[in-house]
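Please read the structure below before turning to the comments.
The values are calculated or read from the model by the stated rules, or taken from the named source; none is laboratory data. Owing to the predicted nature of the structure, the values given are computational and were not obtained by experimental measurement. Counting neighbours? That spans all protein chains shown, and the Cβs are built from the backbone with ideal geometry, glycine included.
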Amino acid sequence: MKRRSKAAVLGTVAVIGLTVLSGCGGGAGQNAAGQNAAGNATATAPAGNLVTPDLIGSPNAKTTITWEAVPAYSLKGSDPKRVQYLQDTFNKWAQQHPDWAVKPLVASATPNEAMAKLLQDAASGNAPDVAQIDSYIFPQMYKYLTPLDDYLAKAGIDINDFFPFAQKIMKGPDGHIYGVYFTTDVRMLFYRKDLVPNPPKTWDELLKMAPDLEKKGITPYLMAGGRGEASFMDILPMYWALGGKLVDDKGKPVFGEGENKQDWLTVLGDLQQAVKQGAMPARATNYKNESDLNTEAASGKVAMFLGGNFQWAQLQSILGDMSNWGVAPLIMPKADTRETVSGGWVWGVFTKDPAKVEEAVSFIANGWGSQEGMAGWCKVGGYLPTRQSVYQKDTYFSQPPFDQFAEELKYSNTRPGVAIYSDMSNNMQIAISSVISGSKTPEQALDDAYNATLQQYNSMKK
Amino acid sequence: MRNARALPWFVPLILVVGLLYVYPVLDVVRLSFTNAGLLHPGYQYTLRSYVDMLRTGDLGQTLWITIVFVFFSVVFQLLLGFFISLAIIAGEQLKLRGTVVVRTAVLAAWAMPGVMIGIIWRMLMDESPSGILNFLLSKVGIGHVAFLSSPSVALVSVIVANIWRGTAFSMIMQYAGLKTIPDELYEAAKVDGATSWRRLVHITVPMMAPLLMVNLILITISTFNTFDMIMALTGGGPGRATEVMALSIYDRIFHTYELGGGAAMAVVLLVINLLMAWVYMRMSRRTEGMTTS
């Protein structure tokens, strides 16, 4: 009896172990790319809905390509409108491509984690056939991606139609096109028309108008100044306006040296003065991204803030009426300069199989790359199109405030796609947050950030 | 012989533990001796990650913040847990209503995900005109408090949020411990004329000492590994004022993609955790010995 119960315990242990192991194996198998089990079956004419969260196209399709997107851009997203849009466009594509199927893979909801995993997969040769890549990481992927020049031409996508900042990212150092930049955004000054009839163009103008606003119990200006990508990214246009450079031609950080250092000290000094003179509260350090400012804007106690175009729709859903709000170019450190910054996502193709690349590009064009696809996805997702023709042809994008966003995109730049950027951004976020909170002077904060970045750069090179 | 027959049955389990636990830990240790990063191909074996960590003072600053965070979190979690469990026991003895509600309410804080707790406290400590705590403080004549934007106050805010989160675990452990103390001891002490303070000091605390030690070690390990709540509450800022070790590791790996540097910091945290675990095992054995003897 004793022996039997012992055997039962051991058996249970073994069964649990094998179950876990087989579970792992199954999971790996499910994620595997390539031909499906029925690869040799003849594809029959599809009918009805060919889109499920786990497969786009017929289960009998001859070949499968894998497609990876972050949750908000996937069939497993939480917004029913987006999911419906994707289902409709994918179904249309699947009907037209009966021999092909697409296996959706969902990346981490945290962009940094998703990009870290994708970089690892790409380096080890396990990247999906098509993947969504953050625009500032995209240049790090050129070496793993497939050039798309001929395929894009065949799909009717002309790179010259894209805004210049998008073209710079899409084209690799060898002049080939490596991706389709399909959504973007732009940073602008959001201001209350009743409180600020003429939005300030420079920090000096902001400092002059701040005391009157303060007397009314209004916070003059806010921006994301905490430990988040937005605090560094959003301040870059001010640095660029002074002619500052982050890295040299070889990708080495130079932002803490010579004139570049002086430019940063000017920008950080402007922030310090804004806090000291009451134009911006130190609580800006509590905000890690632009959307964190929505509650402040909705409270009716903020006159201006540095925001992203995507906040227009967000605020509209909170406030209902946006007629009292306007957008203007960002506040610059000196007059007669105009700069802004954009982020966004790019589709890249990793597979080297020409037939798969052709289908992948057709899939991308159908959902996001063509004029209709880009307009449709940007409308439903609240993004800005990267193709200039979309603003001309689609009435939705040719009216305010989109016409102003489109105008600003002409002055836009993207963050440098160099390997050291992430370290630099992290160190400068600490510097910006320290200056705003008053724990460091601009010079101390900049020196610390620069030294840490140089050390990390040297470590990379060894 | 019998052990040899049993071994094959454990092979699947050993494989799972080896693959999913032991191998990743060993790989982290290996990576810590490299300059590996996700943004540059290849790597070399080097001690540079450790040297840089010590030379730049990164480790010192982060370690100091972590120690302050852990020390105050643990002390107050332990004390508050002890007093709440004593209060619940007293309430039960007096047959007061609501002791179960109190237990459940305190436990709810423990059951919540760290990120959610961070968001809740962020809303409470909001420094904008709509901030809840600042509004309440203004009603009692206390001025605006920079809960999250002042470097020194932010660390206190993070500690308070963590105490709120972790007290329940200590409370439930100590509640269970208090239940095991025989009533006869208290009755005999009462007969001898011992005051409630003397009963607490001479009966409750000594009887609870081994369990309190285990409790202390478990919450110390858990607090050393805290990062999700801080990430949501302050993101480690302002500056680096609330950047604890676990958050620093996350930052290095997922924000700056430095596998080598992140792994080196993780190894330091692993060593601290292993030391704590070793003390915990020693204490557990001693507690078991006391129970069986």
Check your understanding: Within the stretch B:231-250, restricting attention to residues that are of a type in the set (G, A, S) and over 15 Å from the mean Cα position of the chain (by Cα), which residue is surrounded by the fewest Cβ atoms within 10 Å (Cβ to Cβ)?
Key -> B:A232
Exercise for review: Kindly indicate whether B:L133 is out of contact with any helix residue (DSSP H, G or I) (no Cβ under 9 Å at 6 or more places or on another chain), under 24 Å from A:S439 (Cβ atoms) and not basic (K, R).
Suggested key: no
Check your understanding: For the stretch B:30-54, how many residues meet the condition of being assigned to a helix (DSSP H, G or I) and either of a type in the set (K, R) or surrounded by 14 or more Cβ atoms within 10 Å (Cβ to Cβ) (or both)?
Key -> 8
Check your understanding: Regarding B:A264, is this residue in contact with a Phe, Trp or Tyr (Cβ under 6 Å, 6 or more places away or on another chain) and within 14 Å of chain A (Cβ to nearest Cβ)?
Key -> yes
Study note, to complete from the structure: Only one of B:G91, B:G57 is more than 12 Å from every other protein chain (Cβ to nearest Cβ) and surrounded by fewer than 19 Cβ atoms within 10 Å (Cβ to Cβ), namely B:G91
Review point. Which residues, counting only those in the stretch A:257-285, are surrounded by 21 or more Cβ atoms within 10 Å (Cβ to Cβ) and over 26 Å from B:D126 (Cα atoms)?
Key: A:N260, A:W264, A:V267
Check your understanding: Applying the selection to the stretch B:206-229, what residues are within 14 Å of chain A (Cβ to nearest Cβ) and hydroxyl-bearing (S, T, Y)?
Key -> none
Exercise for review: Sort out which residues of the stretch A:163-216 are hydroxyl-bearing (S, T, Y), crowded, with 20+ Cβ neighbours inside 10 Å and in a strand (DSSP E or B), and write them in order of number.
Suggested key: A:Y181, A:T183, A:T184, A:Y191
Review point. Within the set of pairs 6 or more residues apart or between chains, which connect a residue that is in contact (Cβ under 8 Å) with a residue 12 or more places away in the chain inside the stretch A:161-185 to a residue that is among the acidic types (D, E) with Cβ atoms less than 8 Å apart?
Key: A:H176/A:D149; A:I177/A:D149
Practice item. Find the helices (runs of 4 or more DSSP H) located wholly in the stretch A:63-141 whose residues include 1 or more that are within 14 Å of chain B (Cβ to nearest Cβ), and list them. Key: A:111-123, A:138-141
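Conditions (1) crowded, with 24+ Cβ neighbours inside 10 Å; (2) under 21 Å from B:T242 (Cβ atoms); (3) within 14 Å of chain B (Cβ to nearest Cβ); (4) modelled with pLDDT of 95 or more, marked per residue:
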{"position": "A:N413", "(1), (2), (3), (4)": "no, no, no, no"}
{"position": "A:G417", "(1), (2), (3), (4)": "no, no, yes, no"}
{"position": "A:D423", "(1), (2), (3), (4)": "yes, yes, yes, no"}
{"position": "A:M428", "(1), (2), (3), (4)": "yes, yes, yes, yes"}
{"position": "A:L454", "(1), (2), (3), (4)": "no, no, yes, no"}
{"position": "A:M460", "(1), (2), (3), (4)": "no, no, yes, no"}
Review point. Across the stretch A:376-404, what is the total count of residues that are in a helix (DSSP H, G or I) and out of contact with any helix residue (DSSP H, G or I) (no Cβ under 8 Å at 6 or more places or on another chain)?
Key: 2
Revision key, fill the gap. Screening B:R48, B:R5 for residues that are touching a residue at least 12 places away in the same chain (Cβ under 8 Å), within 10 Å of another protein chain (Cβ to nearest Cβ) and either within 25 Å of B:T223 (Cα to Cα) or over 23 Å from the mean Cα position of the chain (by Cα) (or both) leaves only B:R48
Exercise for review: Determine the pairs where a residue that is under 19 Å from A:R187 (Cβ atoms), located within the stretch A:377-388, has a partner that is part of a loop (DSSP other than H, G, I, E, B) and of a type in the set (D, E) with Cβ atoms under 7 Å apart, the partner being 6 or more residues away or on another chain.
Suggested key: A:Y383/A:D185; A:L384/A:D185
Revision key, fill the gap. Scanning the stretch B:127-147 residue by residue, the ones that are touching a Ser or Thr at 6+ places or on another chain (Cβ under 8 Å) and modelled with pLDDT of 90 or more total 2
Check your understanding: Does the stretch B:186-193 contain any residue that is without any contact (Cβ under 8 Å) to a residue 40 or more places away in the chain, not in a helix (DSSP H, G or I) and not polar (S, T, N, Q)?
Key -> yes
**Study point:** Qualifying residue in the stretch A:147-154 (condition: modelled with pLDDT of 95 or more, among the acidic types (D, E) and in a loop (DSSP other than H, G, I, E, B))
**Key:** no
Exercise for review: Please find, among B:A232, B:A168, the residue that is more than 26 Å from B:S49 (Cα to Cα), within 14 Å of chain A (Cβ to nearest Cβ), part of a helix (DSSP H, G or I) and not basic (K, R).
Suggested key: B:A232
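Considering only the stretch B:117-127, I want to know if a residue exists there that is over 25 Å from A:M223 (Cα atoms) and crowded, with 16+ Cβ neighbours inside 10 Å.
no
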Revision key, fill the gap. Scanning the stretch A:286-296 residue by residue, the ones that are assigned to a helix (DSSP H, G or I), facing another protein chain (nearest Cβ under 10 Å) and touching a residue at least 24 places away in the same chain (Cβ under 8 Å) total 4
